[in-house]
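The values are calculated or read from the model by the stated rules, or taken from the named source; none is laboratory data. Worth saying up front: this structure is predicted, and the values here are computed from it rather than measured. A quick note on method: Cβ atoms are made from the backbone with ideal geometry, for glycine too, and the neighbour counts reach across all protein chains shown.
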Amino acid sequence: MDFPVVLRFKSMHPNDLSKFEMHGKRQGGDLSHIDEFKTERNQTYVGTANWVEDLKNEINAARKQNLTNEIAALQSKKRKKDAKDRQLEGLKDPWRHSEGGPIREVILTAHSEFFKDPVKAAMFEREGPAFFDHFFSGQVRCLRLDKDEEALHFHAIIVPWTTKVSARRGEQKLIEPSSHPLLKAYECAQDAAGDWFEGIGLKRGQLRSKRMHKQPATFRREVSDALERGIEALEYEEIRLSKTNKKLVFGKNAPPQASERKQISEDISAAYPNILRLAKSIQKLKNDALSALKAQAIQLKRLEKRLRKREETLQKQAEELKKREREIRIQAIALSAAERRLGQPESPGLAEILSARSKKKKTDKAVR
């Protein structure tokens with residue numbers, strides 16, 4: 001099965017880096033999904049122990065140098081008043097202010113099923129650092145490999161420094177994501193990742209130009225909600241496992257409207273692999289139960305056949321007994337008649353048989 005390579009970007013402000021690093025060291029943040037017994041396997045490829053502080057110092061140095069260069073450029077243009085005003089404004093952040101921030105947090109991973117193959121996992125570990133070094137050379141401030149979560153993944157911090165020169169501001173050192181082609185157009189980054197990891201069995205991710213990275217807690221909550229909706233859809237037969245057992249299809253109780261069916265697909269999309277596995281498990285249980293019922297049905301048929309044969313045998317035995325009883329009665333009547341002709345008294349046993357026969361005849365006549 002082909003899995004897509006997952007490459008996600010998230011905007012980040014420098015002030016958030018300490019939280020990022022604290023979580024990376026498993027000292028804070030949401031740790032509910034972390035397997036603490038595997039944390040020691042995590043690896044760091046880029047980033048010293050003080051990389052966050054070093055970057056903040058670098059940003060402060062850029063603030064000061066940019067201010068000095070801008071004032072010098074204004075003075076060289078004989079714009080003394082503007083230079084004085086700029087001096088009063090003081091230091092400015094070396095980036096254009098935006099809602100998310102100028103730094104990019106990057107997650108590089110794939111579906112957890114892909115990493116169950118140790119050979120593919122090893123190739124991914126080898127190609128990950130090479131990918132970042134090739135496309136983000138000199139801009140990666142932190143790169144680590146996390147192995148203590150459900151899916152193996154790389155976590156990186158990209159700081160896209162660039163230098164711009166103008167007559168009014170002089171030389172300015174700025175953090176500008178749009179200066180990097182893969183950060184300017186995320187679809188280009190998806191193309192690059194797809195081409196790079198194609199050789200190890202990963203394909204390009206789905207085309208979604210407006211797709212944004214989500215926080216792990218948000219993502220897990222969405223998966224949980226989608227899984228709950230999927231279980232409900234399976235229970236009410238809105239969806240079912242296909243005849244080939246390879247995908248989910250709409251069931252007999254699915255809504256007829258295309259818009260409602262589309263909504264079901266969107267509702268369960270975040271947990272589709274989980275729901276598919278659940279549907280397969282349910283189908284297996286049904287098949288096992290059906291096989292057990294069939295086996296029991298076969299056993300019951302065999303038992304029924306034996307009981308029928310036994311019943312037939314008993315009926316034959318009963319008929320034989322009745323026949324024998326008639327023969328005995330006939331013999332008793334003949335014996336009684338012979339004794340009367342000879343003038344001998346009837347034997348007690350014979351008298352009882354004849355008396356019982358007489359009573360039976362009277363009873364039969366009364367019933368008629």
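Which members of region 45-55 meet the condition of being surrounded by 15 or more Cβ atoms within 10 Å (Cβ to Cβ) and of a type outside the set (Phe, Trp, Tyr)?
Correct list: Val46, Gly47, Val52, Leu55.
List the pairs whose first member sits in region 1-25 and is in contact (Cβ under 8 Å) with a residue 24 or more places away in the chain, whose second member is part of a loop (DSSP other than H, G, I, E, B) and among the hydrophobic types (A, V, I, L, M, F, W, C), and whose Cβ atoms are under 6 Å apart, counting only residues at least 6 apart or on separate chains?
Every condition considered, the pairs that remain are Phe3/Ala110; Val5/Ala110; Val6/Ala110.
Select from region 114-151 the residues that are out of contact with any strand residue (DSSP E or B) (no Cβ under 7 Å at 6 or more places or on another chain) and outside any helix (DSSP H, G or I) and list them in ascending order.
Asp117, Ser137, Gly138, Lys147, Asp148, Glu149, Glu150
A quick yes/no check of all residues on (1) under 30 Å from Lys247 (Cα atoms); (2) among the aliphatic types (A, V, I, L, M); (3) outside any helix (DSSP H, G or I):
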residue: Ser281; (1), (2), (3): yes, no, no
residue: Gln299; (1), (2), (3): no, no, no
residue: Leu307; (1), (2), (3): no, yes, no
residue: Lys316; (1), (2), (3): no, no, no
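Here are some conditions: (1) surrounded by fewer than 18 Cβ atoms within 10 Å (Cβ to Cβ); (2) modelled with pLDDT of 75 or more; (3) assigned to a helix (DSSP H, G or I). Glu222 meets all but one. Which one does it not meet?
Looking at each condition in turn, Glu222 falls short on (2).
Of the conditions (1) surrounded by 13 or more Cβ atoms within 10 Å (Cβ to Cβ); (2) in contact with a helix residue (DSSP H, G or I) (Cβ under 6 Å, 6 or more places away or on another chain); (3) more than 24 Å from Glu149 (Cβ to Cβ), Leu91 fails just one. Which one is it?
Going through (1) surrounded by 13 or more Cβ atoms within 10 Å (Cβ to Cβ); (2) in contact with a helix residue (DSSP H, G or I) (Cβ under 6 Å, 6 or more places away or on another chain); (3) more than 24 Å from Glu149 (Cβ to Cβ) one by one, Leu91 breaks only (1).
Take the residues in region 94-127 that are touching a residue at least 40 places away in the same chain (Cβ under 8 Å) and loosely packed, with under 12 Cβ neighbours inside 10 Å, then tell me which one is nearest to the chain's Cα centre (by Cα).
Restricting to residues being touching a residue at least 40 places away in the same chain (Cβ under 8 Å) and loosely packed, with under 12 Cβ neighbours inside 10 Å, the top hit is Glu99.
Please go through region 282-306 and pick out each residue that is of a type in the set (Asp, Glu) and either within 40 Å of the chain's Cα centre (by Cα) or exposed (fewer than 10 other Cβ atoms within 10 Å of the Cβ) (or both).
As a first pass, look at region 282-306 and keep what is of a type in the set (Asp, Glu): 288, 304.
Matches in region 282-306: Asp288 only.
Determine whether Lys252 is modelled with pLDDT under 90 and in a helix (DSSP H, G or I). I'd like the intermediate steps shown before the answer.
Numbers: modelled with pLDDT under 90: yes; in a helix (DSSP H, G or I): no.
Judged against the criteria, Lys252 is not a match.
Scan region 3-28 for residues that are small (Gly, Ala, Ser), buried (at least 16 other Cβ atoms within 10 Å of the Cβ) and at pLDDT below 85 and report the count. Spell out how you get there, then give the answer.
First, the residues of region 3-28 that are small (Gly, Ala, Ser): 11, 18, 24, 28.
Still in the running and buried (at least 16 other Cβ atoms within 10 Å of the Cβ): 11, 24.
So of that shortlist, the ones also at pLDDT below 85 come out as 24.
Final tally of qualifying residues: 1.
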